[in-house]
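Colleague: Just dropping this structure here.
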Amino acid sequence: MTGILYFSSTGNSLYIAKRIKEALKGAVIYIPECDENQMREFDRIIIVSPVYSFGLPVQTYDIFSKLPHNIKIYVVLNYGGMAGGAEQMAYELAQKYSLEIQAVYKMKMPENYTLFITPPKQYNKMSLNSAEKKLKRIINDISNDKIHLPKKRRTKHRLYYSNKPNWHLIAENFSVNEKCTACGKCVKICPVGNIALNNGVVQFGNKCTACLGCYHRCPQKAIIYKGRNKKSRYINPFVNENDIGKSFDL
Ligand SMILES: Cc1cc2nc3c(=O)[nH]c(=O)nc-3n(C[C@H](O)[C@H](O)[C@H](O)COP(=O)(O)O)c2cc1C
């Protein structure tokens, strides 16, 4: 069976993972829930992940050390503007853990790092349209077992991972405004357990990895950054928002 392991905070990677599942069959598993025993059931693994700061989210980064050695591994990265050295990072990680890496792809999707700038809706539509063609090609390549590895083999673009000790500083800038109903959704969806409800008050801890899931998915748009009441939030329009973070067909 094909294992499609994904990480996602706003649904772009989930959408890609589900599309791959439709075409190639298999199980879709949310990376934070994936364990090594499950992975033994797979005869190939496809990792689907966003790009974070020209590299990989820590959840994706860390899963490489747990992947089985004797099966083919494919990586499908998606990014909002510039992927930087993320492909190389994935390739080098696969080499570091002696994995049978077959392909690393990247494809553009709508940007979800919108704390400072919000791309026009039209721009997101264009990204989603052009992503379709690219995704079809990627799925076709994977089903034909094509080798597709990055040409440039080394990079220094590792901002996100090398900044690991500083992520908690970002969390210091999140807060909730008066719209918060203390529904607890942010507590439930945070992939690193960084948010708690204490006496009906949302509190951010020091483990934030800046995925922005809470920011985009809060039903009241009550989570704000640096005190700004910015309105726009992004969720991939083709997924059920409640499915983000779930696994399918185990
Ligand atoms: C913390 C963070 C860092 C990001 N860094 C980059 C980046 O370096 N380059 C880029 O093109 N997009 C970057 N993005 C945008 C995402 O890679 C992109 O929107 C992706 O499709 C989101 O996938 P998701 O909806 O599955 O979470 C970043 C997003 C976040 C939350």
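Read-outs throughout are calculated quantities, based only on the coordinates presented, and are distinct from any laboratory measurement. Model, not experiment: these values are computed from the prediction. Using ideal geometry, Cβ is built from the backbone for each residue, glycine included, and neighbour counts are taken over all protein chains shown.
Colleague: Among the lysines, select those whose C-alpha is under 17 Å from the C-alpha of Lys226, and discard any that sit fewer than 8 residues away in the same chain.
Modeller: Excluding near neighbours in sequence, the set is Lys179.
Colleague: What order do you get for 63-76, 38-51, 131-144 when each peptide is scored by the mean count of other beta carbon atoms within 10 Å, highest first?
Modeller: 38-51, 63-76, 131-144
Colleague: Which angle between 0 and 90 degrees, to the nearest 10, do you get for helix 12-24 versus the longest principal axis of the chain when only C-alpha atoms count?
Modeller: 30 degrees
Colleague: To continue, here is another question. Angle between the Cα long axis of helix 86-96 and the longest principal axis of the chain, 0 to 90 degrees, nearest 10?
Modeller: It is inclined by approximately 60 degrees.
Colleague: So what does log10 I(q)/I(0) come out to for the chain at q = 0.15, 0.17 Å⁻¹, using the Debye formula with one equal point on every Cα and no solvent?
Modeller: Each listed q corresponds, in turn, to -1.07, -1.35.
Colleague: If you don't mind, there's one more thing I want to ask. Starting at 0 and stepping by 10 Å, how many percent of the alpha carbon pairs of region 4-150 end up in each bin?
Modeller: 11, 45, 34, 8, 1
Colleague: Which angle from 0 to 90°, rounded to the nearest 10, does the C-alpha axis of helix 121-143 make with the longest principal axis of the chain?
Modeller: 30 degrees
Colleague: Next up: Per the Kirkwood treatment, what hydrodynamic radius in Å, one decimal, follows for region 162-225 from the mean inverse distance over all distinct Cα pairs?
Modeller: Evaluated over region 162-225, this radius sits at 11.7 Å.
Colleague: Ok, one more. Can you list the residues, at least 5 places off or on another chain, whose amide H is less than 5 Å from the amide H of Ile46, using H built in the peptide plane?
Modeller: Counting only residues 5 or more places away or on other chains, the set is Gly3, Ile4, Leu5, Tyr74.
Colleague: Could you work out how much longer the chain between Gln122 and Leu197 gets when fully extended? Use 0.36 nm per residue separation minus the Cα distance between them, nm to one decimal. Before the final figure, lay out the partial values.
Modeller: On the way: separation 75, 0.36 × 75 = 27.00 nm, distance 3.68 nm.
Working it through step by step, the gained length comes to 23.3 nm.
Colleague: Among bridges DSSP assigns within the chain, what percent are antiparallel (round to 5)?
Modeller: In the chain, approximately 30 percent of DSSP beta bridges are antiparallel ones.
Colleague: Still on this structure, please answer the following. With a 4.7 Å Cβ cut-off, tell me which Cys residues in the chain come up empty for a partner.
Modeller: Isolated Cys, the chain: Cys34, Cys180, Cys183, Cys190, Cys208, Cys211, Cys218.
Colleague: Please report how far the C-alpha centroid of region 117-147 lies from that of region 71-115, rounded to the nearest whole angstrom.
Modeller: 14 Å
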